[in-house]
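S.K.: Take this structure first; my questions come after.
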Amino acid sequence: MGLLSHGSPLSWEETKKYADHVRQHGITQFLNIYHKVKERQKDVLKWGDEVEYMLVAFDHENHKVQLVLNGEEMLDVLQGRGEKINPSHPTLWRPEYGSYMIEGTPGQPYGGTMSEFNTVEENMSERRQEASSLLTDNVSICTITSFPRLGCLGFTLPEFQPTPVEHGASKSLFFPDEAINKHPRFSTLTRNIRHRRGEKVAINVPIFKDRNTPSPFIERFANDPGNEAKAALPDHIYMDAMGFGMGNCCLQVTFQACSISEARYLYDQLATICPIVMALSAAAPFYRGYVSDIDCRWGVISASVDDRTKEERGLEPLKNDKYQISKSRYDSIDSYLSTCGEKYNDLDLTIDKEIYSQLTREGIDHLLAQHIAHLFIRDPLTLFEEKIHLDDANESDHFENIQSTNWQTMRFKPPPPNSDIGWRVEFRPMEVQLTDFENSAYVVFVVLLTRVILSYKLDFLIPLSKVDENMKAAQKRDAVREGMFYFKKDICKAGIPAVDGCSPAVNGTEDETEEYTLMSIDTIINGKVMS
Ligand code: GLU
Ligand code: MG
């Protein structure tokens, strides 16, 4: 889940002192990359998926299922037998937030030929076998979006007690710090988010009510002498740690575009598809042992890393902070990047004005400048002592620091410095499915969709405020069958001249409310027979 640096992590107080330093150098690093590779053209389609896994122990005799906390050791062995001895090994393994998690990707990117789409499922199954070969009989590597008993007493193996009142990273009533990956990035993120926010994160998910659910549903927490659960709402499942969100698994796809303008076009088009595919892949109805009234993880993760202060959330007048900020760092995108998208940018965009003017002074266009200046309203959440002073011409860690802790539905990714990688776009909303068959079907669908969008010059754009409404609709229980989503009526208006071009407005005064309407997922995906 982002940049992994090695070394000694700084506390929040120390990190904060360097926030402007990280932002300034991050922008210089971005400008250096941009000016070097802005004209890069004709990169071919290359793409890859990321699957996140959980290690699950089954005690059939006692009907007990727990998460096994040895992802770090497994990772060492998998890398030691794979990429470390063979650069063309077919799989790559990376750490993830939970100590019971691990992430697998293909060893090399896939290309764009049809035959390669047929190898995706096989590669996923190779990953599963490789990891499974290290496990004892009662442990499985599972692709589960949200572990139903995450945060219930004794949900880990070995078992640990949460430590709400001691010095710890989460201070959670439910989630022990031992369940966080041991790489210092993860506990530092957890601690610094809590410190920056000024209190524990608060996640409240509506409970699913059947006739046996007490109404109102109010929990009393046994181990809560200091009223640590004051943020718990009635009729909701309350959670209080980053692990409840970032400890969930997902399925992501990143692909290389042929140029920066193609990347910007695909970023926008796919942003409208995010809520649709999220509802289609919805796989997360259970939280902390309860059945919830939602079935997607999105809002839970969003709240789990919401580092905004009370002032930034608009709960107190601005005094120490610079801006009110409307969303968490983990949320849907706030602005389109292509010129076609400009007229649909209807969300209030908070930007760092100085960064915006620096970027435009140095030749970056308005849409890209505001995108970056918006990402850069955030503070760095982790900083390693050894990584403060960098070579801005050849490194990009400060840029990546801010970029990789803006966890949005889509990510626009500049090439790393001095590499042969092109401009890329990452599609991030999908929930992971139980089988490799399903996961490969989803990722291949998304990549094929990009080909169709490019070949037929499709245009899915609708106002971003409508995409945000769709994000809310997508998380409701059974949205895939019952939800209604704003979607463009005519996606193939002929005559989009090129990637940079936009669909011509009818007489220049088209009524935009006419362009989209509410549709079911069935209609969006399968179409509708016209009567
Ligand atoms: N596990 C996170 C999710 O479910 C994503 C973390 C990452 O960006 O790798 O969205
Ligand atoms: Mg990940």
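S.K.: Which numbered condition trips up GLU431, out of (1) more than 15 Å from ligand 1 (Cβ to nearest atom); (2) at pLDDT 95 or above; (3) over 21 Å from LEU368 (Cα atoms); (4) of a type outside the set (A, V, I, L, M)?
M.R.: Exception for GLU431: condition (1).
S.K.: Taking the condition of being within 16 Å of ligand 2 (Cβ to nearest atom) and assigned to a loop (DSSP other than H, G, I, E, B), how many residues in the stretch 237-253 meet it?
M.R.: Residues in the stretch 237-253 being within 16 Å of ligand 2 (Cβ to nearest atom) and assigned to a loop (DSSP other than H, G, I, E, B): 4 in total.
S.K.: Among the listed residues ASP307, ASP346, ASP352, identify the single one that is touching a Phe, Trp or Tyr at 6+ places or on another chain (Cβ under 6 Å), charged (D, E, K, R) and modelled with pLDDT of 95 or more.
M.R.: None of the others qualify; the one that does is ASP352.
S.K.: Sort out which residues of the stretch 284-333 are of a type in the set (A, V, I, L, M, F, W, C) and within 16 Å of ligand 2 (Cβ to nearest atom), and write them in order of number.
M.R.: ALA284, TRP298, VAL300, ILE301, VAL305
S.K.: For the stretch 388-399, name all the residues that are in contact with a helix residue (DSSP H, G or I) (Cβ under 8 Å, 6 or more places away or on another chain) and either assigned to a loop (DSSP other than H, G, I, E, B) or under 22 Å from ASP306 (Cβ atoms) (or both).
M.R.: ILE388, LEU390, ASP392, ALA393, GLU395, SER396
S.K.: Determine whether the stretch 307-325 contains at least one residue that is hydrophobic (A, V, I, L, M, F, W, C) and either more than 19 Å from the chain's Cα centre (by Cα) or outside any loop (DSSP other than H, G, I, E, B) (or both).
M.R.: The answer is yes; a qualifying residue exists.
S.K.: Among the candidates ASN118, ASN123, which residue alone is more than 24 Å from the chain's Cα centre (by Cα) and more than 16 Å from ligand 1 (Cβ to nearest atom)?
M.R.: None of the others qualify; the one that does is ASN118.
S.K.: Next up: Can you tell me which residues in the stretch 345-387 are among the polar types (S, T, N, Q) and in a loop (DSSP other than H, G, I, E, B)?
M.R.: Across the stretch 345-387, the qualifying residues are ASN345, THR350, THR382.
S.K.: Collect the residues in the stretch 152-177 that are within 19 Å of LEU189 (Cβ to Cβ) and among the hydroxyl-bearing types (Ser, Thr, Tyr), keeping them in residue-number order.
M.R.: Scanning the stretch 152-177 gives THR163, SER170, SER172.
S.K.: Being outside any helix (DSSP H, G or I) and over 18 Å from VAL480 (Cα atoms) is the filter here, so list the residues in the stretch 292-306 that pass it.
M.R.: Matches in the stretch 292-306: VAL305, ASP306.
S.K.: Quick one: count up the residues across the stretch 17-26 that are surrounded by 16 or more Cβ atoms within 10 Å (Cβ to Cβ) and farther than 13 Å from ARG378 by Cα.
M.R.: Result for the stretch 17-26: 1.
S.K.: Which of the residues spanning the stretch 39-52 are of a type in the set (D, E, K, R) and assigned to a strand (DSSP E or B)?
M.R.: Once the filter is applied, which keeps residues that are of a type in the set (D, E, K, R) and assigned to a strand (DSSP E or B), the stretch 39-52 yields ASP49, GLU50, GLU52.
S.K.: Follow-up. Being surrounded by 24 or more Cβ atoms within 10 Å (Cβ to Cβ) and either within 15 Å of ligand 1 (Cβ to nearest atom) or in a loop (DSSP other than H, G, I, E, B) (or both) is the filter here, so list the residues in the stretch 258-276 that pass it.
M.R.: PRO275
S.K.: Here's something else I'd like to know. Of all residues in the stretch 82-115 being of a type in the set (A, V, I, L, M, F, W, C) and surrounded by 14 or more Cβ atoms within 10 Å (Cβ to Cβ), which is nearest to ligand 1 (Cβ to nearest atom)?
M.R.: Looking at the filtered set, the residue picked out is MET101.
S.K.: Which one of these is under 30 Å from GLU385 (Cβ atoms) and within 16 Å of ligand 2 (Cβ to nearest atom): GLU83, GLU103?
M.R.: Just one listed residue meets the conditions, GLU103.
S.K.: Looking at (1) buried (at least 21 other Cβ atoms within 10 Å of the Cβ); (2) at pLDDT below 95, which is the one condition that is false for ALA474?
M.R.: Result: ALA474 fails condition (2) only.
S.K.: Kindly establish whether LEU55 is assigned to a strand (DSSP E or B), among the aliphatic types (A, V, I, L, M) and surrounded by 20 or more Cβ atoms within 10 Å (Cβ to Cβ).
M.R.: It is true that LEU55 is assigned to a strand (DSSP E or B), among the aliphatic types (A, V, I, L, M) and surrounded by 20 or more Cβ atoms within 10 Å (Cβ to Cβ).
The values are calculated or read from the model by the stated rules, or taken from the named source; none is laboratory data. All of these numbers come straight from a predicted model, not from anything done at the bench. Because the Cβ atoms are built from the backbone with ideal geometry, glycine has one as well, and the counts that use them run over all protein chains shown.
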